[in-house]
């Protein structure tokens, strides 16, 4: 594969501020890293219009039965796996709604799989296995913008008619060719040259946070700023669910706990019961009539 010219491979530039890194004492290393990390939120902020376009595409896709599919390799893939894994317990959605494909498969989550990111064929194979369609949004994540696995995935997804999004730190890299929306966080050279798990990785984490969270808010999985679809799967989360219900409803803990039990520990149903003064069946009927729109079911 042709080498990307140095002036375009921003993630491989040397950082003048860290040229003496190996001679610095611990405090100086940490202060330098902290100064460089402050560039990341500003870089992400400059991309908010593009992130918003991607969020709107994701919302439209999921509303018509499509999915959000992340594709990445190495650190980028691991961040994708993390974000996808957090969506079901946080927002109460099926694991099928947000999925992550990482070059090398499950083995690559915990360690390096040599050569996995260079396999264009495996990207096509992996997306075929997920039966990607025009209703899906495929987000390719590659700090350098040159990872063959990710480039191949975006090209294949676009041929299938899916909406394609690139998350990169190199705006002019090849990843832009098959991306309809490009989110390019120019975080500058890394403290350790080429180690994109640092600033580039941090920017990716922030972008993925925004994509999934804003999409789920728009889809109604958050009430006010509360996780109304939180999965109450352990003691800690059941206690959190009770706090969410008391804050959202204004009811005392005893009434909230009773409503939770009567609702089968469904926060949406319990909140509708408390706010509308109905029993569980009445709350379920209101939610069904509103097609799951909680605000509408509550008359708000």
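The table below gives the values:
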{"quantity": "Unique match (being under 16 Å from residue 91 (Cα atoms), at pLDDT 95 or above and part of a helix (DSSP H, G or I)) among 237, 245, 274", "calculated": "245"}
{"quantity": "Residue 128 vs. criteria assigned by TED's automatic domain parsing to the domain that holds residue 203, within 20 Å of residue 200 (Cα to Cα) and either assigned to a helix (DSSP H, G or I) or touching a strand residue (DSSP E or B) at 6+ places or on another chain (Cβ under 6 Å) (or both)", "calculated": "no"}
{"quantity": "Enumeration of residues in the stretch 153-173 that are in a helix (DSSP H, G or I) and crowded, with 24+ Cβ neighbours inside 10 Å", "calculated": "153, 154, 157"}
{"quantity": "Those residues of the stretch 280-291 which are surrounded by fewer than 17 Cβ atoms within 10 Å (Cβ to Cβ) and more than 13 Å from residue 266 (Cα to Cα), in sequence order", "calculated": "282, 285, 288, 289, 290, 291"}
{"quantity": "Single residue of the stretch 157-184 satisfying the filter (in contact with a strand residue (DSSP E or B) (Cβ under 8 Å, 6 or more places away or on another chain) and farther than 20 Å from residue 66 by Cβ) that is modelled with the lowest pLDDT", "calculated": "171"}
{"quantity": "Answer residue from the stretch 62-85, given it is more than 9 Å from the chain's Cα centre (by Cα), touching a residue at least 40 places away in the same chain (Cβ under 8 Å) and in a helix (DSSP H, G or I) and is surrounded by the most Cβ atoms within 10 Å (Cβ to Cβ) among those", "calculated": "76"}
{"quantity": "The stretch 87-117: number of residues that are touching a residue at least 60 places away in the same chain (Cβ under 8 Å) and in a helix (DSSP H, G or I)", "calculated": "5"}
{"quantity": "Qualifying residue in the stretch 233-240 (condition: touching a residue at least 24 places away in the same chain (Cβ under 8 Å) and touching a strand residue (DSSP E or B) at 6+ places or on another chain (Cβ under 9 Å))", "calculated": "no"}
{"quantity": "Filter pass, residue 193 being within 30 Å of residue 274 (Cβ to Cβ), surrounded by fewer than 16 Cβ atoms within 10 Å (Cβ to Cβ) and touching a residue at least 60 places away in the same chain (Cβ under 8 Å)", "calculated": "no"}
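The values are calculated or read from the model by the stated rules, or taken from the named source; none is laboratory data. Bear in mind the structure is a predicted one, so any value in this text is a computation, not a measurement. Heads up, the Cβs are rebuilt from the backbone with ideal geometry, glycines too, and the neighbour counts pull from every protein chain shown.
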